[in-house]
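The structure appears below as structure tokens.
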Amino acid sequence: PESDLIWYRMITVIWFPLQAILIFGTLWWVTHSNHLQQWEALILFYAIGIATGGVGIVYAHELMHQKPAIERWLGDLLMASTLYSHFRSEHLRVHHLWVGTPRDPVTARYNEGFWRFFARVLVSCPRSAWRAERALLARGGKTMWHRSNPFWRYGALQAGFVLLAWLRMFIFFRC
């Protein structure tokens, strides 16, 4: 029963605040400590990227499939914090419909190596998501500039995270 899944749900719901603390806490710590070499800071930020991508995107995927709007919003926030918001549109509007076919950009091709797959996905997924949302809007008689286009939300959330990170750096360097 769903009532037995409370801890499963809690771990996905609580991850966004933890991920935000991880990202911005690390930014603060690195900019306020002078004992790290540049290569050490780079490795640290790479590890943060692995954690936010490996855990955050997986949890965001689970959250975007939930019914409560707050959980879907948490999924959007997690995706925005990794600057990969278009994943929601691509996953729900393309991947679910075309999984395992050439029309699905995130289905690996036969004998395709990781780096080739990775490069293809980075280029083709945003385009695929954009086309899917544009087609959905067109079916509703709306243009891609309509306020219901989720790419506006994706862009605003991602810009907000970049601005927060930039402000963190700007405030540090002014001190």
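The values are calculated or read from the model by the stated rules, or taken from the named source; none is laboratory data. What you see is a predicted model, and the numbers here were worked out from it, not measured in a lab. Using ideal geometry, Cβ is built from the backbone for each residue, glycine included, and neighbour counts are taken over all protein chains shown. The area values use the complete protein model at the heavy-atom level, side chains included, leaving out ligands, DNA and RNA. Shrake-Rupley method; radii C 1.70, N 1.55, O 1.52, S 1.80 Å.
Descriptive notes on the structure:
- Odd one out for T107, checked against (1) open to solvent by 60 Å² or more (accessible area, probe 1.4 Å); (2) of a type in the set (V, I, T); (3) part of a loop (DSSP other than H, G, I, E, B): (1)
- Verdict on K142 being basic (K, R), at pLDDT below 95 and either open to solvent by 60 Å² or more (accessible area, probe 1.4 Å) or not in a helix (DSSP H, G or I) (or both): no
- Neighbours by Cβ (under 9 Å, 6+ apart or cross-chain): first from the stretch 94-123, of a type in the set (S, T, N, Q); second assigned to a helix (DSSP H, G or I): T107/H95; T107/W98
- One residue stands out among those in the stretch 54-77 that are open to solvent by 60 Å² or more (accessible area, probe 1.4 Å) and outside any helix (DSSP H, G or I): the one that is modelled with the highest pLDDT, which is H65.
- Residue list for the stretch 2-35, restricted to those being open to solvent by 50 Å² or more (accessible area, probe 1.4 Å) and not in a helix (DSSP H, G or I): N34, H35
- Some residue of the stretch 111-128 being out of contact with any helix residue (DSSP H, G or I) (no Cβ under 9 Å at 6 or more places or on another chain), in a helix (DSSP H, G or I), more than 24 Å from I57 (Cβ to Cβ) and open to solvent by 80 Å² or more (accessible area, probe 1.4 Å): no
- Odd one out for S81 among (1) closer than 19 Å to P126 by Cα; (2) free of Cβ contacts under 8 Å to residues at least 40 places away in the same chain: (2)
- The one condition in (1) of a type in the set (G, A, S); (2) assigned to a loop (DSSP other than H, G, I, E, B); (3) open to solvent by 50 Å² or more (accessible area, probe 1.4 Å); (4) closer than 23 Å to I14 by Cα that S85 fails to fulfil: (3)
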